[in-house]
Amino acid sequence: MTTKTEHPVAGDVSEQYAHPDDILNDRSLTNAQKIKTLKEWEQDLRQLMVASEENMPGTTAGQPAESLQHVREALATLSATGPGDKGSPSKTG
């Protein structure tokens, strides 16, 4: 059983949601769960970007930087980021 404080998304978030907007529209998640899920996705994308720079590309299709921007926009929609917050100063968070 999943409580409101637990994370209901197990594994790779991008395998369960095609776009960050899908998380925003998921009525089964609380806002806190949406934020947690989006932040997890953000961290995964940052790690993928670092791995790519180190010549260890992942198997995820698409551009991690573009996907990261979409995740950041979704977080801003949930007011999980402040005005002008560009995220972490480094790719690894």
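Laboratory data are not the source of any read-out in this text; all were calculated from the coordinates shown. Treat the numbers as computed from the prediction; the structure is a model and nothing was measured. In this analysis, Cβ positions are derived from the backbone assuming ideal geometry, glycine residues included, and neighbour counts consider all displayed protein chains.
One table, with the values for the structure above:
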read-out	value
Amide H contacts of HIS19 (H built 1.01 Å from N, under 5 Å, at least 5 apart or other chain)	none
Fewest-first sequence of VAL9, VAL50 by Cβ atoms within 10 Å of each Cβ	VAL50, VAL9
In order through region 16-27: 3J(HN,Hα) via Karplus (6.51 cos²θ - 1.76 cosθ + 1.60), integer Hz, x for Gly, Pro	9, 10, 7, 8, x, 4, 5, 5, 4, 8, 7, 6
Mean Cβ count within 10 Å, highest first, over the residues of peptides 14-26, 35-47, 65-77	35-47, 65-77, 14-26
Counted charge near ASP21, where neighbours are those whose Cβ lies closer than 12 Å (Asp, Glu -1; Lys, Arg +1)	-2
Gain in span if fully extended, LYS39 to ALA51, counting 0.36 nm per residue against the direct Cα distance	2.5 nm
